[in-house]
Amino acid sequence: MEYNHPETFLEGTVLYIDKPLTWTSFDVVNKIRKSLKYHMGIPKIKVGHAGTLDPLATGLVIICTGKATKQIMQFQDMDKAYTAQVRLGATTPSFDLETEVDQTFPWEHISQQQIEKALLTFEGEQEQMPPLYSAKSVDGKRAYVMARKGKTVELKPQKVHISSIELLSVSLPDLSLAVECSKGTYIRSLARDLGEKLDSGAHLTGLRRTRIGPYKLDLAISLENFENNLKLL
């Protein structure tokens, strides 16, 4: 990734960032905007992300600056790839580790063969229910904001497409998956649904986005390296 003059960012730059754990995608946008202001002397610039990544997920986030923000929708429509860690035998309201375990279930009856067979049923197009703790808009408000306040949230199933899902490793009750899917797919919901399919429960314990369309994670740099590169100019 090359950095030149302020005009480069104003004319439009696409940045590939490896989002750190606990940061929101908006945190990344704000950090880049402030870095450009402080190190490049750009007082005002458009900066946007091309697809939300949950705070407890890491991996590839595409950031557009200046006139390149017009490309955001193009990136958002691309398919995605993830590696995910799932724990069987327990559920959480958020379907991940943002919230505490609310129910536990037996998992000792589950075999690797059963897991592989269950995973096959998720390939292709399907209706998926988004998590209550998600960025989905309900009556103009984010679902997660209402959920955290204990308010009732009514979400509708969304059509998604999972092109491939592979079992990478098993050490029950934990397992690791590789998933390639359409935009709008929630891997947290996939974990929840997999637990139900196996007559148990499940939640996500880790998630890393490895690809957006043709753009792979190995293109990405950390926010720290991004800022350090700006300091060298």
Label point distance in nm, Met73-Glu108, each placed 7 Å from Cα along Cα→Cβ: 5.5 nm
Pairwise centroid distance, computed over Cα atoms, of segment 172-233 with segment 91-124, Å: 17 Å
Environment charge at Leu194 (Cβ cut-off 14 Å; Lys +1, Arg +1, Asp -1, Glu -1): -3
Dipole magnitude (debye, nearest 20) for segment 163-233, charges at Cβ of Lys, Arg, Asp, Glu: 240 debye
Under 13 Å, Cβ to Cβ, from Ile162 - net charge with Lys/Arg +1 and Asp/Glu -1: -4
DSSP bridge pairs, the chain: antiparallel proportion in percent, nearest 5: 90 percent
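Every number here is computed from the coordinates shown, using simple stated rules; none is lab data. For clarity, every value in this text was computed on a predicted model and none was experimentally measured. Note that we place each Cβ from the backbone using ideal geometry, even for glycine, and neighbour counts take in every protein chain shown.
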